[in-house]
C-alpha cells in the first residue's frame, strides 16, 4: 500500500517549500484536494482500454457500412449474428491485450510510446480476426464471415486502434495526475546528467522534485537550482513527504552495501525504482536481462548483422529514398529556387564526411549559410563539447550559434530539417542509409575515444537514435555515445521504430538551432 499523504502542502514548512519548485507544490496540492488521486498507471490503462474499444468498434462499424449494400453470398453469416459475435468478443480483446502487456508499460518506462505497441497491436488484431472467423465457422448454421470483410476489418482495426491509442496517450499526458514525482539518489555528474535529460523531455512525465545526496557535486549551470532534499538516510521520510512515485539511483557516493539496503527498504513503498547501471555507456536498446541461478546478468548482443538483414536494410533504403525523392521533387525545385534567389552561391552544400568503415564521401545538403562561412569556429566548438560535462551554448542548446551566417531561407530549412533532403541522393548511392549515426566530419575523430570508432560499423543515416531522442539537447560527446549504442545494437526493428518516430519529431520541431 502507498503511504497516506496527509495535507502535503500544509505540512511543508517554509524552509521545505523553498526547497522544491512551484510545480511540485501544485501537484501535491492537487493530490490533497482529490479524494481519489489516481496515478499514471491507473489513468493510462483505462485510457488505452477505452481507445482499444473505440478503435475496434469504429473499424467494425465502418466495415459493416461499406459492405451493407453488397449482396450477401450464399452461406455468409447475417449482420445481426456478426454484431453479436463482435460485442461478445470485446472482453476477450481487452483481456488478451492485458495479457500481452499493452496496458502496463507506460507506468514503468519513461519513453514508452504507441510505436512501441505496434507489434503487440498487430498480433492482437490478427489473432482476434482469426478467432472471429473460427467462431463463425463453428456456428450451427455453418455460415462464416466473408474473407473480404475479415481482411478489411483487420486493416482498419490495426489503423484505428493505433490512432486511438496515440490520441488517448496525448490526452492522458495533459493531466496533472500523469506526472510522476521523481527523486534522484546521487547528485554527481551522472545524476545531474539525468536531471538535464528529464528537463529536456517533458513528454516523459517525470517531474523531478529534487536530489538525495549527502555529498553533492558542484551543480551544472544548465539544470537550474540543485534542489537538495536530504541525505540517503532520510529517503523514506522524503518519499512520504513529497508523495514520490519514482526513485532513480545514479551513482551516489554511498557505499554499495548502503545503496542495496536503501533499495531493499523501498520495497515497502509503491514506487518505481530505476538503477543506472555502472556500464550504462555501452548498454543499448537490445540489452536484455537473464539469470544464472537467480543472479541477473545484463546481456549485450554482438554487433553482427546477418547478410540477409543487411540486404533487407539496403532494399528499404533504395525503395524509401526513391519514393521520397519522387514525392518531394516539387519541393526540391521550390527550395532550390529560394536558395538561389536569396543569396549568391550554389544550391547544394557539399562537405566531406566519413561513412562506413571511416571511408570519406561527399554529403549533400541544401545550402543554408553564406558561402564565406569558415569551418574553424565549428571545429573549436566540437572540441569543447566532447563529453557530458559540456555546457550548452548561449542558445541553451548543444550546437554552435552561427545565426548571423544563416540565411533567412536557411533558418526555415534548418527549422524543418528540409536542408537534409538531398542526402536521399547519398542514400541511393549507397553512401548513407535512411537510419544510422550522424555523418561524421573528418576532424571530429580527433576527439574520439576508442569506443567511438564503433560508430563506423554501420553506414551513417538521415535519421537515427541521436536525432530522434535528443537532437540539439545533447552534447557532441553524448551524441557520439548514442551513435555507438545504435551501431552495437542495430536491428531492423530498431530502424523501423526510429523511422516511424522521425515524422513526429520533425512536426514537433524541437528547438532546431540555426
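Just a few scattered comments:
- With q set to 0.11, 0.17, 0.20, 0.22 Å⁻¹, the log10 of I(q)/I(0) for the stretch 179-276, from the Debye formula over equal scatterers at the Cα positions, is -0.27, -0.67, -0.95, -1.16.
- Measuring r between the beta carbons of residue 323 and residue 115 and using R0 = 30 Å, the FRET efficiency lands at 0.90.
- Radius, Kirkwood style, for the stretch 113-232 when every pair of distinct Cα atoms is counted (Å): 18.4
- Relative contact order of the stretch 179-276, defined on C-alpha pairs under 8 angstrom at six or more residues apart (%): 35
- Efficiency of FRET from Cβ geometry, residue 273 and residue 359, R₀ 30 Å, rounded to 0.05: 0.10
- Applying 1/(1 + (r/R0)^6) with R0 = 45 Å to the Cβ-Cβ distance of residue 83 and residue 491 gives a FRET efficiency near 0.60.
- Principal semi-axes in Å for the stretch 40-172 [√(5λ), Cα gyration tensor, largest first]: 30, 14, 11
Only the coordinates and a few stated rules stand behind these numbers; no lab work does. Predicted, not measured: the structure shown is a model, and the values here were computed from it. Don't worry about glycine lacking a Cβ; one is built from the backbone with ideal geometry, like all the others, and counts go over all protein chains shown.
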